[in-house]
Each structure stands twice: as C-alpha cells, then as structure tokens.
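The structure under discussion appears below in the form of structure tokens.
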Amino acid sequence: MPLVDLDRFDFLYATRVKGMKTAATRDLMATLSRPGIISLAGGFPDTRAFGEEAFREIAHNMSGDYAQALQYGPTGGLESIKDVIVEVMGAEGTPANQENVFVTTGAQQALDLVAKVFLDEGDAILCEGPSYAGALNAFAAYRPRIAHVPMDRAGMIPAAARETLNKAKKQGLHIKFLYTVPNFQNPAGVTLAKDRRREILDLAKEFDLVVIEDNPYGMLRFEGEPLPTLAALEMEEEGDVDRVVYLGTFSKIFAPGVRLGWVHAQPGILHKINVGKQGADLCSSNLSQMMITSFFQNADWKAYVARLNGIYKERRDAMLDSLAEFMPKDVHWTHPEGGLFVWATLPTYLDATAMLPRAIAKNVAYVPGEGFYAGGEGKNHMRLNFSFVESEKIRRGIEILSEVIRERIELRSDLERGSKRGARQKPRSASTGTEG
Amino acid sequence: MARLAVLRGGHSMERDVSFVTGRRVQHALERLGHEVHPLDIEDSTTEALMELSPEAVFICLHGPGGEDGTVQALLETLNLPYTGSGPLSSIRCMDKDYAKRALRAAGINTPPFRTFLRRAMNEMGAAAALDTAGESLGYPLVVKPAREGSGFGLNRVEGSGELFDAVYEAFGYDAKILLEKWAEGSEVSVPIIEPAGENAKALGLVEIRPREGAYNFEAKYTPGATDFAIPAEVSDEEARNLEETALTAYRALGCSGFARVDTILEDGLPQILDVKTIPGFTETSTLPLAAEAAGMSFEELVETILEAALHTEAAAKL
C-alpha cells in the first residue's frame, strides 16, 4: 500500500538519535519570539551592556593580526588566550596552570567532550537534582544512567550522594563522574557550601571518580563571600590538579556569541579530550580567541563584570521582591547570591509544563522544571531567569505568572470541593441511572 | 498577478507551525507571480493591512486568535477578501463543543460528549458532576480542551481514577473542556477544497498511523513520527461514506474555501472528531499531501484557495 514516507532515512539513524527527543517545551519555546512576551525562560546574559564602542575598539585593536584571526589554530587553543584564562581563574582564587588549560567551543563542547571521553553506554554518573539541561542532553547522547542527588539551600547533599553511590555500586554500575555546578547552580540558583565542597572531593576520592566542576557563574556574585572552587581546594590539598575537571566559559563574563570556554584538568585527561576535539571541530575559532584576548588584555574586564553584576543584582532584587509580593503562599523559591536564575517550587499537584501554554497565552514564559531531570521528575518546578529582562518587565512578568498560578491553585480547590460533593451524591445518581 | 498579504505567526501554541505554513504558501504565491507581503500578528497589523490594501489576505494562522474568527471578522471590517471560512464558521469549528453540537443537530455522527466550563466549576461546584459524566459516557474516554488544536492537554482516560487529573490538565489549556467517548477505529482525515464557483469536494482520504502512541503535537510535526496512507485503506463503500459525511459536516458547519475533517472510522461508520478550517500546509501536513496524491501541485492548491477568496461575487461567508 502506498505509505507516504516523510523521513525516508528513518531506518538508518543511530539508536542514540532515536532517544534524543526534542521536548514538547522546546517546541513551545518557538512562541517566545512572538511580540510582547516577557521571557523569563532563556539563560541569556545581557549582551546589550557591552556597548558598540567597546566592540569597535576590539575590532580595531585586532585588525593588525587579521591573517592569524582568519586562520586555523592549535586544537587546544592559542597561547595568548590561555594566559587570559589563567588570569581569570586566578581572579576567582584558583591557581591555574597554563599547561592544564584547553580551549573549547563554549563550555557546552567541553560537556560533550567529557562525556565522549569517559562514558560507555550503561555507565553511571551523578548529577545534582535538578541539573543543567544542556549537560543532561550532552551526556544523554552517550546513553549513561543518570542519578540525581537531591539538593538543599547549601547545594548537593553529600550524605545523599554517598547513598546514591553505594546503591549504584551495589547494582554493579560503573560510576564514572560526578557533575556539579557549584556556584549559583543552573537551574536551582543555590551555591554548594564550602565544607560540602571538601566532602564531595573526599567522596570522589573514596569512590575513585572524576569530578566535573562546571563553573560558568562563579564571577557573577552580587553578595556574600566567594567560595574556593573544587579545583582550587584539590590543588590546595593534593598540591596539583588530579580528579577535578574544571569547566569555564567566557559566555557570562564576556559574551556567549564568541562560543569560547575551556577545560582545566590534568594532562592525561586533556590528551583524551584533545583527540575528541580534533574529531569534533579541529580547533575553536581563532577570531573569537583573539577578540577575547584583546579585550581582556587592553580593557578593564573586571570593571565590565562588575557592571554586569550591578545590572543583574538589581534585576534579581526586582524578581525576589515581586515574587514575595505577588506569589500565592504555597509557592517557594530560592534566593541566589549571584548567577542568572531563581528556582521556584509549586504545590506538588501543579504541573509547570502543562501550565506553560496558559502563561504564554498571558505573555509570560519560564522553563518548566522537568527538563532539568533525566527521568521527568520535577514537574512542579520552574526556572526563572532574571538577567535578560529589565526590572520593570520582570515585575510585570512575575505578577502575571502569579496570577496564572493562583488560577491553577483555585481551580484545583474548586475541583476538589466539587468532586467531594459529587462523591457524596454518587450512591443516589447510580440508583437513578444516567443518560446514555 | 495580485498584491497579497500572508498572515502567519500569531499568538497561539502553533506559532512555529504557522511560520512554516506561511513560508511555504508565500513561496508558492511568489512562484505564481504574485506580489506577497508576509505579516505577523502584532500591534501594527491592522494599520499595515490598511496601508497595504491587498487584493486578498491569505491566512496561514493556526489555533486561537487566527483560526477562530478573530482575524476573519477584522478582515471583513476592513473589507479585505480572505482565504477560508468566515468568522462564525471559524469559531464553530475551533470550539469543539460548538462544532459537535452543530454536527449532532445536523444528524452527523460525532462521539457523545459532555462539556464543562471553568466558570461552572468555580461558581456552581460543577466538578460534582464529573464522575457522573464519565460514567454516562463510559470508559475509556478522552478529555480535551475545547479550543486547542494540536493535542496539547489531551488525555485518554481509562477509568474514573484518572479523570480528575486529566480534567485538571485540560483546564490548563482552555476554560472550556470536553469529555468525549473514545471512538475506536482507524483515523482518517478528509481534506476538502471548494474551488471558486464549484461545489466542495474531497481531495481524497488520508489514513494517519502514528508509529508510537497518540498523534500528538510532536508526532504531527516531526517527519518520520507518523505514517500516512494515501489513499486510506478502506472499502469503496466506506470511502464513499467518509467523503459524504465529511462534506455534510463541512456544509453543516458553514465552512468556505477549504478545510480538513478528522474522523475515526468506527465499525464502518465515520465519527467526526474535529474540523480544522485552517489545517497546516507544512511538509508533513495531510492537506497538501492529499492534494499532491490527487494530482494537484502545491502551487495549484494555493492558487485554487486564493481564487475562491478573490471570487467576491459569491454569497457571503458564514
């Protein structure tokens, strides 16, 4: 019979691609481009803050080196940008070594390369619950088993991590690494407490795991004292980098458009990552690397980050204030000391994915929580971004969102009240019969 | 050659699909030699339409706001001819509650249903009647928002224990929902076209066979997730019956220009589930596929729909 075959290469696709579905919420994100919507959904830094003048100056400064900027470069990155990376890590208190730095195309590529290098199908990894959706996606292509470790206000709970590790070990699973975003975690906004950082490192040592420390937001601190990175703690304790694979990025302290990140790890791991990257893209863009180098060497990059932090702090405050003012009492949220996100928790019966179309219809968007779990938990959560939208709009967005949530809570109570009455009536309606 | 506006985008869940439909239609119209101006739905749309003063508007919007009579009523106010159905027919088809009532009154088979409104839940404790409604229809049944076209918020319910959550979810998408008796059988779509000055006719029968689970939003717009059998594998008599029923439904609902009638062939009898007045025109949409199978190119399809819109001496749309 004449079947119309819409994708005639279906039978040729790899098994792992079949497992990679775009979430329904991903499709919904298309509606975010519509006019008038207040999007608290993306994870975008505000690149408008950079300014045309600064951009022009960079272009001017690097124009003398145009031939190199347009050329292929070394797989692990140019020497000059590695110096910049060492400076940036130093500014956050991590004594990095230039030879341990490896440049990647965004930290996102590093996530893929790390998974490529470490994971066989069926291996186990530990992530925070919830965890960065982009990391889960990158890992999922290598078909690992992902265990989420619960968090509280102080980040991943080491005792829970130990329990999960023991359980996985008993099941005979080969646990390869523990993945954490220690500062202002995406999506939860919480920061891993200092003593827990040590405990996580001890656990990794005990179970002989690698720790993937993904730190895109560390420099975006608006209040409180900076905490040492796991990489720094390890170097302090062991004298050198060992099992911590540190991932950094220029996306939040410079701009995501340059797609530049890095791995800081011991040479053995970097060697494997180097092989993986050669197959992926040969090298990251020289143009981007030289652009960043020019800016970080000639301009006051710390002042720029401080300016960004000023903007983000104001917006975070606007978000926290309006959450407190408008949200129904059964809704709770985190209080990030930095970063880009607030994580809100709704009553357990409320499905943030199912509620999203309603919110979008009222012109506000967020990211539903379930995308941040490998197994589809977290439905009653939402991630709210405060970096991209102006304070006034954040306020309006939260007000609308609160209204949408309140409506859902009220509907639930209307339904429950009604069906309780219905249950009382049931014997009678059954005896009188029902229409056909 | 005519100066035309193509409306695409809009505010519904199907915004992205609308862009795909709009792009395909725009390119087809350009290949046909027309002057095409694509427009989104925003604050300045009316002004832009007044300024452009097109000879016709090709509406490529799906879902609430674009397919429910909102745009159609405005275009009539602006005295601009437009493709497809009129305002009343549009809202009737968009709202499955209205559509099913009109079909039932015209003696056309549609699965039994019960309607619940958010307001009645709030003001009259209508949830007390949920179980009774479920029992009277029998399980399994389907709970769906009345005015949502893409399978969002639609759930099959196997027993009363699942009813509450399904109702709660469906209300997330619309303030009016339906409980509808499950119709068992093959899913057959009947694309219909009504060329200028002619009677409406079926473009053939398309059988929809999702590879896994239900024909939801994702399956609908992902190449390879669904198989279509064109023509549908049904007997000649069933085919005649399907076409006749679909055309009767098209007329009963007062559609114009084109539409897609979605049915379930249950025990040899077509049950009408839904009528889409602006079905998708994407690469994976049934209407253009059926047209192609019937020997009508995409350009011919688009031109036929446009001709009907430009045929302004015809009787007013409903």
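The values are calculated or read from the model by the stated rules, or taken from the named source; none is laboratory data. This one's a predicted model, so the numbers in the text were calculated from it and none came from an experiment. Methodologically, a virtual Cβ is constructed for each residue, glycine included, from the backbone with ideal geometry; neighbour enumeration extends over all protein chains shown.
Against the definition (surrounded by 23 or more Cβ atoms within 10 Å (Cβ to Cβ), modelled with pLDDT of 95 or more and farther than 14 Å from A:GLU337 by Cβ), how does A:PRO228 come out, yes or no?
Details: surrounded by 23 or more Cβ atoms within 10 Å (Cβ to Cβ): no; modelled with pLDDT of 95 or more: yes; farther than 14 Å from A:GLU337 by Cβ: yes.
Spelling it out, it is not the case that A:PRO228 is surrounded by 23 or more Cβ atoms within 10 Å (Cβ to Cβ), modelled with pLDDT of 95 or more and farther than 14 Å from A:GLU337 by Cβ.
Can you pull out the residues in the stretch A:142-161 that are within 17 Å of the chain's Cα centre (by Cα) and either among the β-branched types (Val, Ile, Thr) or surrounded by 16 or more Cβ atoms within 10 Å (Cβ to Cβ) (or both)?
Of everything in the stretch A:142-161, those that are within 17 Å of the chain's Cα centre (by Cα) and either among the β-branched types (Val, Ile, Thr) or surrounded by 16 or more Cβ atoms within 10 Å (Cβ to Cβ) (or both) turn out to be A:ILE146, A:ALA147, A:HIS148, A:VAL149, A:MET151, A:GLY155, A:MET156.
Among the candidates A:LEU282, A:LEU270, which residue alone is modelled with pLDDT of 95 or more and out of contact with any Ser or Thr (no Cβ under 6 Å at 6 or more places or on another chain)?
A:LEU270
Mind counting the residues in the stretch B:115-126 that are in contact (Cβ under 8 Å) with a residue 24 or more places away in the chain and either buried (at least 20 other Cβ atoms within 10 Å of the Cβ) or at the interface with chain A (Cβ under 9 Å from one of its Cβ atoms) (or both)?
Residues flagged as in contact (Cβ under 8 Å) with a residue 24 or more places away in the chain and either buried (at least 20 other Cβ atoms within 10 Å of the Cβ) or at the interface with chain A (Cβ under 9 Å from one of its Cβ atoms) (or both) within the stretch B:115-126 amount to 3.
Just one of (1) within 21 Å of the chain's Cα centre (by Cα); (2) not in a loop (DSSP other than H, G, I, E, B) trips up A:PRO182, so point out which.
The single condition A:PRO182 does not satisfy is (2).
Can you tell me which residue among B:GLU300, B:GLU292, B:GLU283 is more than 15 Å from the chain's Cα centre (by Cα), at negative phi and more than 13 Å from every other protein chain (Cβ to nearest Cβ)?
Exactly one of B:GLU300, B:GLU292, B:GLU283 is more than 15 Å from the chain's Cα centre (by Cα), at negative phi and more than 13 Å from every other protein chain (Cβ to nearest Cβ), namely B:GLU300.
Being within 10 Å of chain A (Cβ to nearest Cβ), aliphatic (A, V, I, L, M) and out of contact with any Gly (no Cβ under 6 Å at 6 or more places or on another chain) is the filter here, so list the residues in the stretch B:137-169 that pass it.
Of everything in the stretch B:137-169, those that are within 10 Å of chain A (Cβ to nearest Cβ), aliphatic (A, V, I, L, M) and out of contact with any Gly (no Cβ under 6 Å at 6 or more places or on another chain) turn out to be B:LEU137, B:VAL167.
In the stretch A:68-101, what residues are within 13 Å of A:SER285 (Cα to Cα) and among the hydrophobic types (A, V, I, L, M, F, W, C)?
A:ALA69, A:LEU70, A:LEU78, A:ILE81
Return the residues of the stretch B:267-295 that are part of a loop (DSSP other than H, G, I, E, B) and surrounded by 18 or more Cβ atoms within 10 Å (Cβ to Cβ); say none if nothing qualifies.
Across the stretch B:267-295, the qualifying residues are B:THR277, B:ILE278, B:PRO279, B:GLY280, B:PHE281, B:THR282, B:THR284, B:SER285.
Out of the residues in the stretch B:103-114 that are buried (at least 19 other Cβ atoms within 10 Å of the Cβ) and either assigned to a helix (DSSP H, G or I) or polar (S, T, N, Q) (or both), which is nearest to the other protein chains (Cβ to nearest Cβ)?
The selected residue is B:THR110.
Which numbered condition trips up A:ASP317, out of (1) out of contact with any Ser or Thr (no Cβ under 9 Å at 6 or more places or on another chain); (2) surrounded by fewer than 16 Cβ atoms within 10 Å (Cβ to Cβ); (3) of a type in the set (D, E, K, R)?
Result: A:ASP317 passes all but (1).
Here are A:SER402, A:SER429, A:SER413: which of them is at pLDDT 85 or above and either in contact with a helix residue (DSSP H, G or I) (Cβ under 9 Å, 6 or more places away or on another chain) or part of a loop (DSSP other than H, G, I, E, B) (or both)?
A:SER402
Only one of these conditions is not met by A:ALA374: (1) assigned to a helix (DSSP H, G or I); (2) over 22 Å from A:GLU337 (Cα atoms). Which number is it?
(1)
Quick check: anything in the stretch B:181-198 modelled with pLDDT of 90 or more, touching a strand residue (DSSP E or B) at 6+ places or on another chain (Cβ under 8 Å) and within 11 Å of chain A (Cβ to nearest Cβ)?
yes
Taking the condition crowded, with 20+ Cβ neighbours inside 10 Å, among the polar types (S, T, N, Q) and modelled with pLDDT of 95 or more, does B:THR245 pass? Give the derivation first.
Numbers: crowded, with 20+ Cβ neighbours inside 10 Å: yes; among the polar types (S, T, N, Q): yes; modelled with pLDDT of 95 or more: yes.
Spelling it out, B:THR245 is indeed crowded, with 20+ Cβ neighbours inside 10 Å, among the polar types (S, T, N, Q) and modelled with pLDDT of 95 or more.
Kindly provide the set of residues from the stretch B:44-59 that are of a type in the set (Val, Ile, Thr) and surrounded by 16 or more Cβ atoms within 10 Å (Cβ to Cβ), ordered by number.
Across the stretch B:44-59, the qualifying residues are B:THR45, B:VAL57, B:ILE59.
Just to check your reading of the model, which residue among A:VAL241, A:VAL275, A:VAL263, A:VAL258 is in the same structural domain as A:ALA69 (by TED's automatic domain parsing), buried (at least 22 other Cβ atoms within 10 Å of the Cβ), of a type in the set (Val, Ile, Thr) and closer than 19 Å to A:GLN108 by Cα?
After ruling out the rest, the residue left standing is A:VAL263.
Take the conditions over 25 Å from A:LYS277 (Cα atoms), of a type in the set (S, T, N, Q) and in contact (Cβ under 8 Å) with a residue 12 or more places away in the chain and apply them to A:THR104. Does it pass?
Values: over 25 Å from A:LYS277 (Cα atoms): no; of a type in the set (S, T, N, Q): yes; in contact (Cβ under 8 Å) with a residue 12 or more places away in the chain: yes.
No; evaluated as a whole, the condition is false for this residue.
Taking the condition closer than 23 Å to A:PRO336 by Cα, in contact with an Asp or Glu (Cβ under 7 Å, 6 or more places away or on another chain) and assigned to a loop (DSSP other than H, G, I, E, B), does A:THR191 pass?
Taking the combined requirement at face value, the residue satisfies it.
Which count do you get for residues in the stretch A:341-371 that are assigned to a helix (DSSP H, G or I), under 17 Å from A:VAL404 (Cα atoms) and of a type in the set (D, E, K, R)?
Let us first name the residues in the stretch A:341-371 that are assigned to a helix (DSSP H, G or I), namely A:352-361, A:369-371.
Keeping just the survivors that are under 17 Å from A:VAL404 (Cα atoms) gives A:352-361, A:369.
Okay, now just the ones that are also of a type in the set (D, E, K, R), so A:358.
Adding up the residues that qualify gives 1.
In the stretch A:60-81, what count of residues is obtained for those that are touching a residue at least 40 places away in the same chain (Cβ under 8 Å) and within 19 Å of A:ALA255 (Cβ to Cβ)?
Residues in the stretch A:60-81 being touching a residue at least 40 places away in the same chain (Cβ under 8 Å) and within 19 Å of A:ALA255 (Cβ to Cβ): 7 in total.
Are there any pairs with C-beta distances below 7 angstrom linking a residue in the stretch A:110-123 that is under 15 Å from A:ASP214 (Cβ atoms) to a residue that is charged (D, E, K, R) and buried (at least 20 other Cβ atoms within 10 Å of the Cβ), with the two at least 6 apart or on different chains, and if so which?
A:LEU113/A:LYS277; A:PHE118/A:LYS176
Take the residues in the stretch B:1-40 that are within 12 Å of chain A (Cβ to nearest Cβ) and hydroxyl-bearing (Ser, Thr, Tyr), then tell me which one is farthest from A:LEU32 (Cα to Cα).
In this case the residue turns out to be B:SER18.
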